[in-house]
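My structure is below; once you've seen it, I'll send some questions.
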Amino acid sequence: MNPEVNTLLELDRLEVSRLNLECAQASLSSKISEKQSILASALADLTDKKNIVEASENALYAFSGRVIMDTGRINRLQSLSLENVSQKEYETMQAELLTYQERIRHSREEQSRLRRTLPSIRAELELIRADFDRLEETLLPEMETLKNELAECIVKMNQTANDIVTLRDQLPVADASAWALWVQSRAALIRKGDQTTFLSQISQGDDSCKLCFGNLPKQFLVDLSHCNSYLECPNCGCFLVFNPKKVVRK
């Protein structure tokens, strides 16, 4: 078989392999992103619940401090001597006492409410934390495996791309340009799985293109069998190569 035909057959194999690796890379990246999103969402839920618990604990601490401070203010006001105090000053003191007493009443109500609700939200936090820990224990190894597979896939894809460049440089410039344009125009079909090759290999006895299934004129087949390179299918324009011993794809 002519070396140029061999080059085209190997290019075909490598281009299909590269596109399959490209699809694998996209799939692996998508799976990693999906798992990262699940973990991030679970972490956000855990963080939200932790913030709620911390806010409630801080509020309980703040109300407790307010009760202590307001009680101290009341004690200070009650310890003041009322001798030589004007009626207006006395009324002001009484108003302050009522204000502090009302604040203490409100603070104690909030203390009581928080002490009732805190145990349940702390329990909810522990459940969410346990769920997150289990999820993290499952997803982190899976993500690590996917990342390793992605790294290997990228290495293979880069190596394949380099091999393609090397092979294309072995073709005449016009043929290399025509091949690049054909690959570009048909790559989407490979990615979708609607096509498994860029070439149609013709052997003795074949009379149609394997990509468009169009019948080929007898003289065209004769010309192809004697061609040192490729001919374009008169029906679909794909690369046709004469390969008396077809390569079985693995």
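The values are calculated or read from the model by the stated rules, or taken from the named source; none is laboratory data. Fair warning: this is a prediction, and the values are worked out from it, not measured in the lab. Here the Cβ positions follow ideal geometry from the backbone for every residue, glycine too, while neighbour counts run over all protein chains shown. Side chains included, ligands, DNA and RNA excluded: accessible areas come from the protein's heavy atoms. Shrake-Rupley method; radii C 1.70, N 1.55, O 1.52, S 1.80 Å.
Put His106, His226 in order of accessible area, largest first, 1.4 Å probe: what do you get?
His226, His106
Another one. Just flag the chymotrypsin sites (Phe, Trp or Tyr not before Pro) in the range 186-247 sitting in loop per DSSP whose Cβ has no more than 14 other Cβ atoms within 10 Å.
Sites meeting the loop and neighbour criteria: Phe213.
As a check on your grasp of the helix formula, calculate [θ] at 222 nm for the chain: sum -39500 (n - 2.57) over DSSP H runs of n ≥ 4, divide by the residue count, round to the nearest 500.
Result for the chain, helices only: -28000 deg cm²/dmol.
If amide hydrogens are placed 1.01 Å from N in the peptide plane, which non-local residues have theirs closer than 5 Å to the one on Ser208?
The answer is Leu216.
Then there is this: Across all directions of projection, what mean area in square nanometres is found for the Cα convex hull of the chain?
If you wrap the Cα atoms of the chain in a convex hull and average its projections, you get 25.0 nm².
Can I ask one more? Any idea of the accessible area per residue across the chain, 1.4 Å probe, to the nearest Å²?
Normalised by residue count, the accessible surface of the chain is 62 Å².
While we're looking at this one, here's another question. Roughly how many debye, to the nearest 20, is the charge dipole of the chain about its Cα centre, given +1 on each Lys and Arg Cβ, -1 on each Asp and Glu Cβ, and no other charges?
Approximately 340 debye in magnitude.
Looking at the chain, how many pairs of lysines come closer than 16 Å at the Cα, when each pair is eight or more places apart or spans two chains?
6
Another question, then. Which percent of the accessible area of the chain is formed by carbon and sulfur heavy atoms (probe 1.4 angstrom)?
In the chain, the share of accessible area belonging to carbon and sulfur is 53 percent.
Turning to a different aspect of this structure: Most fluctuating residue of Leu189, Leu199, Leu19 in a GNM of the chain with Cα springs under 10 Å: which is it?
Top of the fluctuation ranking is Leu189.
Suppose every K and R has +1 on its Cβ and every D and E has -1 on its Cβ; what is the size of the dipole of the range 1-73 about the Cα centre, in Debye to the nearest 20?
I would put it at about 540 debye.
So, taking all protein chains as they sit and a 1.4 Å probe, how much accessible area belongs to Met69, in Å² rounded to tens?
For Met69, solvent-accessible area is about 110 Å².
Okay, next question. Given H placed 1.01 Å from N in the peptide plane, which residues other than close sequence neighbours of Asn243 have an amide H under 5 Å from its amide H?
Amide H neighbours of Asn243: Ile202, Ser203.
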